[in-house]
Structure formats: C-alpha cells, structure tokens
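The values are calculated or read from the model by the stated rules, or taken from the named source; none is laboratory data. Everything quoted here is computed from the prediction, not taken from an experiment. Here the Cβ positions follow ideal geometry from the backbone for every residue, glycine too, while neighbour counts run over all protein chains shown. Note: areas computed on protein heavy atoms with side chains; ligands, DNA, RNA excluded. Shrake-Rupley method; radii C 1.70, N 1.55, O 1.52, S 1.80 Å.
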Amino acid sequence: MILITGGAGYIGSHTNKLLNSEGYETVVVDNLVKGYESFVKWGSFENCDFGSSKLRDVFEKYDIEGVIHFAAFSSVAESVEIPQKYFKNNYKNTLNLLKIMREFNVDKFIFSSTASVYGIPEKVPITEDQLLKPINPYGHSKWITEKALEREAEKGDFNYVSLRYFNAAGCDFDCEIGELHDPETHLIPLVLDAAIGNRESVSIFGTDYNTPDGTCIRDYIHVNDLASAHIEAYKYLCEENKSNVFNLGNGEGYSVREVIDMCKKVTEKDFKVEITDRREGDPDILIADSSKIRNELGWQPEYDLETIVKSAWMWHQKINSI
Ligand code: UFG
C-alpha cells in the first residue's frame, strides 16, 4: 500500500485517483487544513497531521510500502511573511515522517519539490544540475528537505525520487476533483474567475520583464501529467536501488499574456486585463529541461496548454454552478 500525504489536496488527489485506477492501494493522510475530504474518493483516508505522533498509528494500521509526500504549504508570498511556518511544516515535519518511515522499514519516498529551488536560473531551459539558490523561504524549505533526503539515502536502506514541479495546472477530465485554493493566487484559475464573471478584471504583474512580450514566462504542466510521473517514479524506486532528482515540466514556456489569450479563446469570454506592478520574487522565465525524466523514466507529458485550460474551465464551470 502507498501512503499519500496531502492526498486531499490538488496534486495529491489527482495522483491518488490515477494510482487507484492503475490498481495500487492507497491510504491518504491529510489534516484538511488545505485539503478537502470530498477529494478523497479513492483508497482509505486518515485525518492526521503528518508532523504529529499520530502518524505512527497509521503506519501500525496499514501495510505501507512507500510514501508519496505532497503535504506542504506552497504560497511563496506567505512564506516571505511567515517563514517559520514553512520551515516547520515543510522541513521539520518531513523529518518526523522520515523518522517514522525508518521505524517501520519503509524505504521508498517520492518528494514534491519545486522549480523554486533554482531561484533565478542561470540559464533556461533549466537542467537539474544547476546551482540551487532559492530566493524565498518556500523554495528554501524544499531545498533543505532535498538535502535531508540525500543524507537519509546515504545512510542506506532508503531511496527517494525528488520531483521538481514547474507550474501545475488543469484538472481531472471527469471533474470529480480539481484545483481549489483558498485564497487562490495562481494565474489560470484567477483568469477563469474573471471569465466566469466572479471578478472584474485580471492583473498582469509587470510587463517589463526580459521576455518577448514583457510578461513572465512559465512552464505549465497538466496535473494528470504530474500524476503519471509519480507512478513512473514509484516504479523506478521498486525496480532500481537508487535515488534521483527530476524536473517535471512540459519543456515549453508561455507568457502571462499568452495564457490570458488562451483562456479567452477557450472560454469565448472577454474581460478586463489590467497592468500592475511586479509581484516580488518572480523570475523572468522558468522553463524545465525535462529530458532527464523523459530519458530515464520514459515519461512523456500528454497535454498542451489548450487542453490544460479546457480542463480547468470545465472544473471552474462545475464549481461555480453549484
Ligand atoms: N500572475 C499574474 N497575475 C495574477 C497571478 C499571477 O500576472 O493574478 C503571474 C505571476 O506573476 C507569474 C505567473 O503569472 O509570472 C504565474 O504565477 P502563478 O502564481 O500561477 O505561479 P508561480 O510561477 O508564481 O508559482 C508556481 C507555484 C510555485 C512553484 C512555481 C514553479 O505556485 O509553488 O510555480 O514554477 F514553485
């Protein structure tokens, strides 16, 4: 059985769904601070904080062979305001999880890392061997956790795969689960919120970046492509006795303006777009070089930006019609 921390959240619930559809047994551990119980539609569920001693009871109760660790705080802006919250939950609580895994001889671990560990990249597309220089506490908390995993693996009888996500987007095509953050800060759901009429306008945070249209470029990857990469990573841990780190992106960049135009095309709605000041800590361009995961795990992303936006729009319409 695979234990999924944060399986009631956005990426965790999509991965839980795919794992179950492929015949894996899962138990979701989530304290529901950011997640939704209604997103746990597959496998077992334990309402538990992964940083608490109660987690030991979960390991007692289930026959756990591996852990996929999504649970974390992930707002860059909040991490700048309250860094301790990020270091405690994302780093220190992960050490608790690793300690309990050792006690129960669970040796396979998949970690949700982030492109934020690179900070301002030296060159794009970004390869995994670039220097890690996070520029905010969120990225920093993930970076030191990657370091802790390296040490853990060096001790032996433990392997991990760290997946550095670029911009997760899109939703389940059946609309059983989707993206629901409170507060929402991500570009695509905010733009769709304007398309549906919940907000008057969309803000572009800066048009003076060093990019062709002056707005930031990001690598958007469909959440189901992220989910399938976790399954390939898990198979890798079962077959090979080693650890690894992979970027997880489409390898293609889109500017904020291009994303907004795509949302207008898909939704066939027009809405006001305002230019505002830069948001602190946004690098000009983040695009993954994803050749390592393609070559070593045989993983391929299936969905392009248009499909990402279409799936997000279906979900957005569903939650706004209830
Ligand atoms: N943006 C706007 N207006 C908005 C919201 C966002 O212009 O209303 C811009 C941002 O400035 C950025 C781009 O749209 O340039 C994407 O912003 P998101 O907030 O959707 O995503 P980020 O790139 O800031 O961050 C996401 C995750 C991080 C992760 C990072 C890795 O939230 O956790 O991708 O690339 F680390």
Discussion item. Let's see if you can work this out: charge +1 on each Lys and Arg Cβ, -1 on each Asp and Glu Cβ, no other charges. What is the dipole magnitude of region 43-143 about its Cα centre, in debye to the nearest 20?
Written reply: 280
Discussion item. Given 37 °C and 0.692 mPa s, compute D for region 224-283 with the Stokes-Einstein relation, Rh being the Kirkwood radius over Cα pairs; round to the nearest whole µm²/s.
Written reply: 211
Discussion item. What is the angle, in °, between the Cα long axis of helix 223-239 and the longest principal axis of the Cα atoms in the chain? Nearest 10 is fine, range 0 to 90.
Written reply: 20
Worksheet entry | Unsatisfied cross-links (Cα-Cα over 24 Å) in the set K142/K292; K17/K99; K269/K318 | K17/K99
Worksheet item: For region 65-220, what's the relative contact order in percent, using C-alpha pairs closer than 8 Å and at least 6 residues apart?
Response: 21
Worksheet item: If you stretched the chain out fully between E184 and D304, how much longer would it get, using 0.36 nm times the residue separation minus the C-alpha to C-alpha distance?
Response: 40.9 nm
Item to complete: Return the percentage of antiparallel bridges among DSSP beta bridges fully within the chain, rounded to the nearest 5 %.
Response: 5
Fill in: Taking only Cα atoms of region 155-206, radius of gyration then Dmax in Å
16.8, 55
Worksheet item: Just the accessible area for H316, please: 1.4 Å probe, Å², rounded to the nearest 10?
Response: 20
Item to complete: Using a 10 Å Cβ count of at most 11 others and DSSP loop calls, identify the longest part of the chain lacking such trypsin sites (Lys or Arg not before Pro).
Response: 1-122
Discussion item. Among S112, T267, T145, which residue has its Cα furthest toward the positive end of the charge dipole of the chain, with +1 on Lys/Arg Cβ and -1 on Asp/Glu Cβ?
Written reply: T145
Fill in: For region 202-320, the Rg and Dmax computed from alpha carbons only, in angstrom
17.0, 53
Response to the item:
When all Cα-Cα pair distances of region 27-151 are considered, the percent exceeding 18 Å is 56
Practice prompt. Would you please put 205-214, 175-184 in order of how densely packed they are, using the mean number of other Cβ atoms within 10 angstrom per residue and starting with the highest?
Written response: 175-184, 205-214
Discussion item. Considering only C-alpha atoms, what is the centroid distance from region 228-260 to region 26-90, in Å?
Written reply: 21
Worksheet entry | region 138-293 - convex hull of alpha carbons, volume per residue in Å³ | 145
Worksheet entry | region 1-60: GluC sites (Glu not before Pro) in DSSP loop, at most 12 other beta carbons within 10 Å | E22
Worksheet item: Nearest 10 degrees, 0 to 90: what angle lies between the long axis of helix 137-155 and the longest principal axis of the chain (Cα atoms)?
Response: 30
Discussion item. Just to confirm the filter: which GluC sites (Glu not before Pro) across region 202-268 are DSSP coil and have at most 12 other Cβ within 10 angstrom of their Cβ?
Written reply: E240, E268
Practice prompt. Please give the helix 10-21 orientation as an angle from the longest Cα principal axis of the chain, in degrees from 0 to 90, rounded to the nearest 10.
Written response: 60
Response to the item:
HN-Hα couplings for region 121-127 via Karplus (6.51, -1.76, 1.60; θ = phi - 60°), in whole Hz with x for Gly/Pro, come out as x, 6, 8, 10, x, 8, 9
Worksheet item: What do the square roots of 5 times the Cα gyration tensor eigenvalues come to for the chain, in whole Å, largest first, as semi-axes of the equivalent ellipsoid?
Response: 31, 22, 18
